[in-house]
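This report refers to the structure that appears directly beneath it.
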Amino acid sequence: MGDSITRATCWRSLLWQSLQEAFAGRFDFVGTLSEANGCAPADYDRDNQGYSSSLVTEIAAGVTDARTCDPACPTLNELGAAFAQARPDVVLMHFGTNDVWNGRPTESIVSAYTQVVESARAANPAVTILVAQIIPMNVSEATCGGCSCAGCAVDVPALNLRIVTWASSMTTASSAVRVVDQFTGFDATMDNGDGVHPNDLGARKMADRWYEALAPLF
């Protein structure tokens, strides 16, 4: 689950392919959303919970009209309904890119993470949360006309560092919150197609990191 890095890029298809090769018949991607985004293999499981342009802080705060999300920006209650319908055993969460880009404080972001985790646990008290340290950004004119993020170079690592202590504080005996390092070794220029969204090389790196975190669960 997450924003356009989850919904509109190809790491999910590559992860599905790796899991299919190793654990066919033993997993199922779940979510109330699905879209054809041109990623290969063409028959990969597209179920997901990614909302392009969304901010996790706005979801937690119930803001639905501040941004144009694809699909419509959800409220926390709507996200809870999606969790209840899908009942995931494991949640893969890469969220916070748009929050950092829009200057949301680190503590507000991790507070929103807490509400998302509690919503997932309401659907499945034994859910495992794999939370990503988010990939770096290099926002420029290539991203969008007039766009910039002067603080991203500092604020992304700050969030990623805070995620480690937050995850530890959120872990329980029945519901682990585990950190997946999607930041280290990811080049904001070479691995992103537009400075924000992973290109094919970046998508492969993300898929491999998710796979490394998921494989021991089988």
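Worth a mention:
- The HN-Hα couplings worked out from phi for the range 192-201 by the Karplus form 6.51 cos²θ - 1.76 cosθ + 1.60 (θ = phi - 60°) are 10, x, 10, x, 10, 9, x, 7, 4, 5 Hz, whole numbers, x standing for Gly and Pro.
- Placed amide H near V180: partners under 5 Å, 5+ positions off or other chain: V131, A132, Q133
- Structure-based [θ]222 nm, the chain - -39500 (n - 2.57) summed over DSSP H runs of at least 4, per residue, nearest 500: -13000 deg cm²/dmol
- Taking the fewest neighbouring Cβ atoms within 10 Å as the starting point, the ordered list for I5, I163 is I163, I5.
- Simple point charges give the picture: +1 on the Cβ of Lys and Arg, -1 on the Cβ of Asp and Glu, and for the range 1-72 a dipole about the Cα centre of about 100 debye.
- Couplings 3J(HN,Hα) for the range 77-82, derived from phi with the Karplus relation 6.51 cos²θ - 1.76 cosθ + 1.60 (θ = phi - 60°), are 5, 5, 5, x, 5, 5 Hz, where x marks Gly and Pro.
- Taking the Cα centre of the chain as origin and assigning +1 to Lys and Arg Cβ atoms and -1 to Asp and Glu Cβ atoms, the resulting dipole is close to 420 debye.
- What the Cβ-Cβ distance of E21 and A158 gives, at R0 = 25 Å and to the nearest 0.05, is a FRET efficiency of 0.10.
- Amide H partners (placed H, <5 Å) of T128, local residues excluded: V90, V91
- Förster radius 25 Å - calculated FRET efficiency between E212 and T171, Cβ distance, rounded to 0.05: 0.85
- Among beta bridges from DSSP that stay inside the chain, the antiparallel ones total about 20%.
- When the charge dipole of the chain is built from unit charges on Cβ atoms (+1 for Lys and Arg, -1 for Asp and Glu) and taken about the Cα centre, the candidate among V164, W16, M93 whose Cα reaches farthest toward its positive end is V164.
- Farthest positive-ward along the chain dipole, Cα basis, beta-carbon charges - from A142, A84, S53: A84
- The stretch between T64 and R87 holds 5.9 nm of extra length on full extension. This uses 0.36 nm per residue minus the Cα-Cα distance.
Computed from the coordinates by the stated procedures, all read-outs in this text should not be read as laboratory data. Just so it is clear, the model here is predicted, and its values are computed rather than measured. Cβ coordinates were reconstructed from backbone atoms using ideal geometry, including for glycine residues, and neighbour counts include every protein chain displayed.
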